[in-house]
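Have a look at the structure below, then the notes.
The values are calculated or read from the model by the stated rules, or taken from the named source; none is laboratory data. Since this is a predicted model, take the numbers as computed values, not measurements. Cβ placement follows ideal geometry from the backbone for every residue including glycine, while neighbour counts extend to all protein chains displayed. The protein model used for the area step is the full one, side chains on, heavy atoms only, and it has no ligands, DNA or RNA in it. Shrake-Rupley method; radii C 1.70, N 1.55, O 1.52, S 1.80 Å.
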Amino acid sequence: MSAFPKEFLWGAASAAYQVEGAHDADGKGPSIWDTFSHLPGTTYQGTNGDVAVDHYHRFREDVALMAEMGMQSYRFSISWPRLLPQGRGTVNEAGVKFYSDLIDALLEHNIEPMITLYHWDLPQALQDEGGWEARSTAEAFEEYARLCYQRYGDRVKLWSTFNETVCFIGFGYITGGHPPGVQNPARAIQACHHVFVAHAKAVAAFRTSGIAGQIGFVNVLQTHTPLSQSAEDLAAYQLAEGIFTHWLYDPVLKGEYPAELLAQTQALWGVPQFAPGDEQLLRDNICDFIGLNYYKRETIAANNQESHLTINTTGEKGSGHQQGNEFGFKGLFKFVRNPNGVYTDWDWEIYPQGLTEGIMNIKARYGDIPIYITENGLGAKDPIIDGEVVDDDRIDYLRQHIGAIEDAIKQGADVRGYYPWSFIDLLSWLNGFQKQYGFIYVDHNKDLARQRKKSFFWYQKLIASNGAER
Ligand code: BGP
């Protein structure tokens with residue numbers, strides 16, 4: 001017997017740009033990722049989602065594999081420019097049909113769809129009008145959300161608006177590693193505010209849509225630990241918590257920004273600027289649930305120097321978080337390597353207890369909010385032995401993190417589902433296809449043939465026993 005309730009959903013996750021391919025098929029418009037990934041030097045060896053793993057053409061085969069594994073729910077995202085090539089206005093019916101067919105295929109196999117409306121692939125047409133820095137993008141998002149509710153709301157109960165603001169705003173507007181490649185914190189804060197406005201508008205529209213379901217928001221669960229107990233490191237740690245957790249969770253779970261930080265950013269940069277009614281809009285449209293994506297813990301130290309981000313995109317251990325050049329914000333804090341930590345080949349600390357701690361911190365701050373673990377997984381170059389993909393490290397990683405979720409449930413957290421990243425090996429935004437996460441291997445030298453990994457059979461048993469057999 002495990003502590004998982006019997007209605008707990010065992011799933012897996014993906015995102016449109018990372019699996020679908022068919023980047024210009026059947027009337028789809030370009031997204032900012034289509035544009036960005038074609039610029040020289042932006043992604044690992046120029047990899048892009050033009051074909052990805054061609055899920056667009058192979059979704060029936062993929063859904064059959066999900067069913068065989070026993071998946072009870074599938075978290076996927078909708079490509080906004082596939083439905084609305086210009087971001088608003090004319091609807092691309094072929095795009096609408098793709099997701100409609102996918103949803104039907106899932107339901108035929110008793111797999112509950114969980115839709116993410118925005119997993120970073122903004123229509124390029126809207127970027128050309130200012131992207132998230134323009135308030136009109138929030139209005140276009142509401143139109144897009146309504147379209148999705150109309151077309152899929154009769155069959156889909158679980159919805160989330162955005163995936164990981166910290167990534168698409170942080171990388172998009174602070175470090176510049178994602179589109180639109182801006183490096184300006186004040187612009188980041190205003191863009192982020194428009195995302196909260198877009199979210200609140202979409203939640204309001206959901207509540208009047210009559211859909212018998214729930215709508216939430218998906219955030220990175222960034223568990224922090226101070227490097228030392230010195231007053232400086234502790235202050236840096238508090239600040240990191242404030243920015244990476246409270247700033248990003250409070251507006252969707254409490255309907256307001258953390259007051260002290262808000263006052264500071266407005267004094268420093270004059271942002272975020274509110275339009276009349278924004279405060280009320282946020283207050284009135286708190287989420288039904290929160291989705292947590294947990295991969296790693298971050299160690300935080302005080303920081304008095306300029307630094308820039310060096311991401312490990314090769315899987316060569318030690319090429320990220322280089323000593324003396326750790327990423328951070330001068331005068332605030334920096335991310336450092338934990339001297340006692342266990343790291344993946346991409347320099348992500350493996351720390352399963354951080355998932356229990358993070359869930360309990362969310363419960364402590366936001367009360368009894370329903371929680372889904374919407375991503376969690378190990379990125380690795382999987383060994384192939386005698387033709388079999390033997391991903392024992394992934395099995396260990398997932399086993400430990402499932403244990404951490406069970407601990408949180410025992411401590412009273414309302415965790416309702418688990419979606420490992422990812423169902424299938426897919427395109428990593430900046431790491432190409434070499435960083436594998438899936439239960440299913442895709443052979444890029446053999447017409448993208450699918451192959452079940454060792455973890456596929458492991459997860460199959462685990463699901464069949466509701467988490468007991470692991
Ligand atoms: C999350 C994203 C996913 C996925 C995952 C793994 O931040 O929501 O889309 O990519 O991280 O990240 P990476 O591919 O960089 O290893």
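Computed with a 1.4 Å probe on the full set of protein chains, the accessible area for Ser230 sits at about 40 Å². Cross-link check: pairs Lys6/Lys454; Lys6/Lys254; Lys6/Lys461; Lys157/Lys410 evaluated at a Cα-Cα cut-off of 20 Å; pairs beyond the cut-off: Lys6/Lys454; Lys6/Lys254; Lys157/Lys410. What a 1.4 Å probe finds exposed on the chain is 50% carbon and sulfur by accessible area, rounded to a whole percent. With the cut-off at under 19 Å, measuring from each backbone N in the range 88-115 to a point 7 Å along the Cα-to-Cβ line of Leu448 picks out 94-103, 105-106. Centroid-to-centroid, using Cα positions, the range 444-469 and the range 365-384 are 17 Å apart.
Compactness ratio for the range 280-359: Cα radius of gyration over 2.2 N^0.38 Å (N = residue count) comes to 1.38.
How much length is gained if the chain between Lys330 and Ala186 is pulled fully straight, taking 0.36 nm per residue apart and subtracting their Cα-Cα distance, in nm to one decimal? If you can, show how the numbers build up before the last one.
Numbers: separation 144, 0.36 × 144 = 51.84 nm, distance 1.53 nm.
Fully extending the segment from Lys330 to Ala186 adds 50.3 nm.
Ordering of 432-444, 276-288 by packing is 432-444, 276-288, highest average first (other Cβ atoms within 10 Å, averaged per residue). For the range 213-226, backbone phi angles converted through the Karplus equation (6.51, -1.76, 1.60; θ = phi - 60°) give residue-by-residue couplings of x, 10, 10, x, 9, 10, 10, 5, 8, 9, 7, 10, 9, x Hz, Gly and Pro being listed as x. Classify the range 227-385: rounded, prolate or oblate, from the alpha-carbon gyration tensor (a ≥ b ≥ c, eigenvalue square roots; a/c under 1.5 rounded; otherwise prolate if a/b is larger than b/c)? Oblate. Couplings 3J(HN,Hα) of the range 52-59, computed from phi: 6, 10, 6, 4, 4, 9, 10, 5 Hz, in residue order, whole Hz [Karplus 6.51 cos²θ - 1.76 cosθ + 1.60, θ = phi - 60°; x for Gly and Pro]. Cα centroid separation, the range 112-131 to the range 213-290: 22 Å.
Just the number please: accessible area per residue for the range 1-104, 1.4 Å probe, all protein chains included, in Å². Don't skip to the answer; put the middle values down first.
Details: 3750 Å² over 104 residues.
Heavy-atom accessible area per residue stands at 36 Å².
Report note on the peptides 151-160, 337-346, 186-195: ranked by the mean count of other C-beta atoms within 10 Å, highest first, their order is 186-195, 151-160, 337-346. Candidates Ala138, Ala413, Trp348 compared by Cα position along the dipole of the chain: farthest toward the positive end lies Ala413, with charges placed on Cβ.
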